1. Averaging over every viewing direction, what projected area does the convex hull of the Cα atoms of the protein assembly as shown cover, in nm²?
2. Could you work out the mean projected area of the convex hull around the alpha carbons of chain B, in square nanometres to one decimal?
3. Once amide H atoms are placed 1.01 Å from N in the peptide plane, what residues at a sequence separation of 5 or more from B:His47, or on another chain, have their amide H within under 5 Å of its amide H?
4. Quick one: pull the percentage of alpha-carbon pairs in segment B:4-62 with a separation above 15 Å.
5. Mind sorting A:Phe14, A:Phe105, A:Phe34 by how few other Cβ atoms lie within 10 Å of their own Cβ, fewest first?
6. Would you please give the residues with an amide H less than 5 Å from that of A:Val31, counting only those at least 5 places away or on a separate chain, with H modeled from the backbone geometry?
7. Alpha carbons only, please: Rg and Dmax for segment A:13-115, in angstrom.
8. Using the structure shown, list the pairs from A:Lys49/A:Lys102; A:Lys49/A:Lys107; A:Lys107/B:Lys14 with a Cα-Cα distance above 22 Å, or answer none.
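Throughout, read-outs are computed from the coordinates displayed, never taken from laboratory work. Bear in mind the structure is a predicted one, so any value in this text is a computation, not a measurement. Neighbour counts run over all protein chains shown; Cβ positions are idealised from the backbone, glycine included.
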Amino acid sequence: AQSVTQLDSQVPVFEEAPVELRCNYSSSVSVYLFWYVQYPNQGLQLLLKYLSGSTLVESINGFEAEFNKSQTSFHLRKPSVHISDTAEYFCAVSNSGGSNYKLTFGKGTLLTVNP
Amino acid sequence: NAGVTQTPKFQVLKTGQSMTLQCAQDMNHEYMSWYRQDPGMGLRLIHYSVGAGITDQGEVPNGYNVSRSTTEDFPLRLLSAAPSQTSVYFCASRLRDSYEQYFGPGTRLTVT
């Protein structure tokens, strides 16, 4: 079985400040890792993913996440946030082989960017 | 290309009523899933399907039925609604060889 822990349920920050949303996972097998974003009253959209290769992955809107196998973490960071980044962010994990059709989500972190 | 569509967007049911939440995708995705989203709980998998005619249970299947007669459609049925099923329901789909799931806009269900 696998699980995901998002350590902060809410993260308030000021515009242009840096932010880190923390995610730890637990799994007995190799995993793929994902961050999804949900803007108010919308469905989820894939923000970025780690499947293999470089442990640092980036999104088109300035977010990045680093896969740390020894610490079983996949924290999401952005050096300078905008008001438009206000959303709920979900970390998710999937087995990298075998029964890989199940995606397990964390409980979400609500990022609120204040002016 | 409409992506993943869900109907209705909102629904209010009385306890004991039945209804079907519709989900359709036009991307020829093999995999389809239903999740429920509750405050502070994240998304939990209800049922999923790896292809037409094949379905299986997820994490929280009780009270829900699914079928997959075509690649495009994956309806979720509530046979006897309960207040504990008040939630936002999301349908998602993806290609077999891709890990990117595409989500529908959701159905907000209230059971009184």
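1. Result: 12.5 nm².
2. With every direction weighted equally, the projected area is 6.5 nm².
3. Amide H neighbours of B:His47: B:Trp34, B:Gly58.
4. The proportion of pairs with Cα distances above 15 Å equals 63 percent.
5. A:Phe14, A:Phe105, A:Phe34
6. Sorted by chain and number, the residues that satisfy this are A:Ser96.
7. Over segment A:13-115's Cα set, Rg and Dmax evaluate to 13.7, 46 Å.
8. Too far apart for the 22 Å limit: A:Lys107/B:Lys14.
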